[in-house]
Amino acid sequence: MARGFDNKEIAAKAGASSSRKGSPNVKTKAIRDAYKEFIENNTDQFQGWLERVAETNPAKALELVAGLSDFVLPKLARTELVGDEEQPLNIDLTKLDDKTLTKLGKVFNEGEDTSGTV
């Protein structure tokens with residue numbers, strides 16, 4: 001048995017204080033809460049800070065805005081739909097409205113989608 005864990009009581013205490021899969025880490029939560037509070041307390045000042053950065057480095061200002069957007073906008077995952085000979089991919093277009101069908105028609109007819117996939 002590992003050193004220091006020669007009885008069940010000590011092992012139980014150690015297990016209770018460790019981080020378990022799926023449970024939030026207390027320190028990480030505290031850091032996130034502090035960061036969120038900092039952002040909330042300084043939203044009025046962000047515009048001025050960005051303007052000062054942009055005076056000397058506009059690209060850096062844009063980079064900062066993009067970095068902050070990670071905390072505001074959800075990240076979208078790429079989804080790929082595939083079919084094969086045994087189970088081809090079937091898409092029912094009968095429920096799409098006319099505007100969406102027109103846009104799809106333009107993509108297919110004018111070749112706007114250069115990826116070769118739909």
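The values are calculated or read from the model by the stated rules, or taken from the named source; none is laboratory data. The shown structure was predicted, so the numbers you read here are calculated from the model rather than taken from an experiment. So basically every Cβ, Gly included, is an ideal-geometry build from the backbone, and we count neighbours across all protein chains shown.
The single condition from (1) assigned to a loop (DSSP other than H, G, I, E, B); (2) modelled with pLDDT of 80 or more; (3) not hydrophobic (A, V, I, L, M, F, W, C) that G22 fails is (2).
Does E9 satisfy the criteria of being more than 30 Å from V72 (Cα to Cα), more than 29 Å from the chain's Cα centre (by Cα) and at pLDDT 65 or above?
Working: more than 30 Å from V72 (Cα to Cα): yes; more than 29 Å from the chain's Cα centre (by Cα): yes; at pLDDT 65 or above: yes.
Yes, satisfied.
Taking segment 95-118 as the search range and keeping residues that are over 19 Å from L81 (Cβ atoms) and modelled with pLDDT of 80 or more, which one is farthest from the chain's Cα centre (by Cα)? Filtering first and then ranking leaves N109. Just to be sure before I move on: is K95 farther than 23 Å from R32 by Cα, among the basic types (K, R) and in a helix (DSSP H, G or I) in the structure I sent? No.
Figure legend. Inter-residue proximity from segment 30-52: first residues assigned to a helix (DSSP H, G or I), second residues at pLDDT 85 or above and among the aliphatic types (A, V, I, L, M), beta-carbon distance below 6 Å, spacing 6+ or different chains. Indicated pairs: L50/A61. If you filter segment 53-77 down to residues that are assigned to a helix (DSSP H, G or I) and among the β-branched types (V, I, T), you find that the one that is modelled with the lowest pLDDT is V65.
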